[in-house]
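Rule-based calculations on the coordinates, nothing more; no lab input. Computed from a predicted structure; not experimentally measured. Neighbour counts run over all protein chains shown; Cβ positions are idealised from the backbone, glycine included.
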Amino acid sequence: MLDVSKSGDNSKVDMMVGDIYGTDYDKIGLKATAIASTMGGVYRKNLHKEYNDADIARSLLYMVSNNIGQIAYLNAQLHGIKRIYFAGYFIRGHTLTMHTLSYAINFWSKGTMNALFMRHEGFLGAVGAFIKADPTLLPDKPTRKGRMGSFTENFVVTQDLNGTNVSMIGIFDRASTKLLPLPQLIMQTSKEDSSEDLNSLTSTHRVYDPDTFDLVSDTELRNYWFEVMRKCTDNLIDLASSGKLNLNLPEDLSKLDKFKKIFSSRIQTLTVSPSAYGKLSVRSLLNLCEQCLHEIGFTDLYSKIKSIESESVIKTLPALFKEVDSITDKKVLVKTLLQRVVTGNMFDWGSNEIIGFIQSQQDKIDFSFFQDKINFDSSLNNSSKFIEKITSGDGHTYKKAVIFMDNSGGDAFLG
């Protein structure tokens, strides 16, 4: 019935406001296209007239959805709830249902409430039923032992429910992790911190969003990153063809061609429907690329390149250490170290450029060559404040530092 309703026209079986008044009913803000009576049009002219199944199905869909919407609104109003989550197969990926529920909640609440929908309501329902059957599975107080992993959504294998931008649902892949959530990590590393400090660190005013660019609303930026990903895919094929990757030719090269087809098809889907796989960001594009590579059996194509990088940068280290050790001014020392942390990430600038430079140098990398290419503008970061604090000598210096590397190979040695 949900599928049939997509092509239906409910105005052919319902009585509309326009059928009664001839136009909009402005006194209470009703448009002429608003439904006045479900199936009201069936009894107006000819009882023996046959009606289209799609029109009837669409009318029924609106009737049920509008009733659910008003009942949900009344319950939410009773309990002071502003966000209403809808789930169930009746809704799953069905644009008409979600639109009707959203419209109903917005209409009855006068815009004070929001209708929200789950991407994986079936999974959530199964977990809920599982826990309800045995409440002891849910601990009173979550512990570190209870956090043994997490899940990521894999869009390489998708369920295309309706072919619309809200219906592409991926499968769950387990992602093993030993990372701790921020509040728990703080409590373990800093016992003397007060609960007020902990609350301030986890407040909604300091929520961290790793996605710098909004690729959903900015069409030009979105197309730019799509083109970047396409070029990266072509570069990957070129590197493999030239023997610079850790591959068994020609078998693995044919696998890479398959990867290109899979990944290109996903990019094409996102070109038509940017929200097909959830929130679109540079990070999600990179994850999608990795998922496609894993799907055809590749886990680390760049291990050979990283080995070449590591061998090259190790030869550079002694001279760099000697240069840093000769700096006596503490502020200059800290600034130099910060600049070199940034420069050490040079291996992410582009595999072809770096590999070509490494091969031309042979013996060692000229670190100063890359450092001269960095515009270390302190107005774009808080390095000046950090340098001032760490060199102030007032006793309020940092006791620990955590440095995150987004790569291995050269980044690990130099960055």
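Structure notes:
- Going from the residue with the fewest nearby Cβ atoms within 10 Å to the one with the most, I296, I105 rank I296, I105.
- Estimated at 0.36 nm per residue, the fully extended path between V127 and S241 surpasses their Cα-Cα distance by 36.4 nm.
- Note, ³J(HN,Hα) from phi for the stretch 78-91, Karplus 6.51, -1.76, 1.60, rounded to Hz, x at Gly and Pro: 4, 9, x, 9, 9, 10, 10, 9, 10, 8, x, 5, 4, 9
- Stokes-Einstein diffusion of the stretch 1-143 at 37 °C, 0.692 mPa s viscosity, Kirkwood radius from Cα pairs, rounded to a whole number: 188 µm²/s.
- Distance between the stretch 374-402 and the stretch 8-39 - C-alpha centres, whole angstrom: 66 Å
- Residues T391, T343, arranged from fewest to most other Cβ atoms within 10 angstrom of their Cβ, appear as T391, T343.
- Once the C-beta distance of K6 and V216 is scaled by a Förster radius of 25 Å, the resulting FRET efficiency is 0.55 to the nearest 0.05.
- Debye intensity ratio I(q)/I(0), log10, the stretch 1-68, q values 0.13, 0.14, 0.26 Å⁻¹ (C-alpha model): -0.37, -0.43, -1.12
- Computed E for N75/T391 - FRET, C-beta separation, R0 60 angstrom, nearest 0.05: 0.50
- Applying 1/(1 + (r/R0)^6) with R0 = 51 Å to the Cβ-Cβ distance of D325 and V272 gives a FRET efficiency near 0.35.
- HN-Hα J in Hz across the stretch 54-71 - Karplus 6.51, -1.76, 1.60, θ = phi - 60°, x for Gly and Pro: 5, 5, 5, 4, 5, 5, 5, 4, 5, 4, 5, 5, 5, 5, 4, x, 6, 5
- Cα-only radius of gyration and Dmax that characterise the stretch 219-299, units Å: 13.2, 39
- Amide H contacts under 5 Å for L116, placed H, 5+ residues apart: I84, Y85, F86
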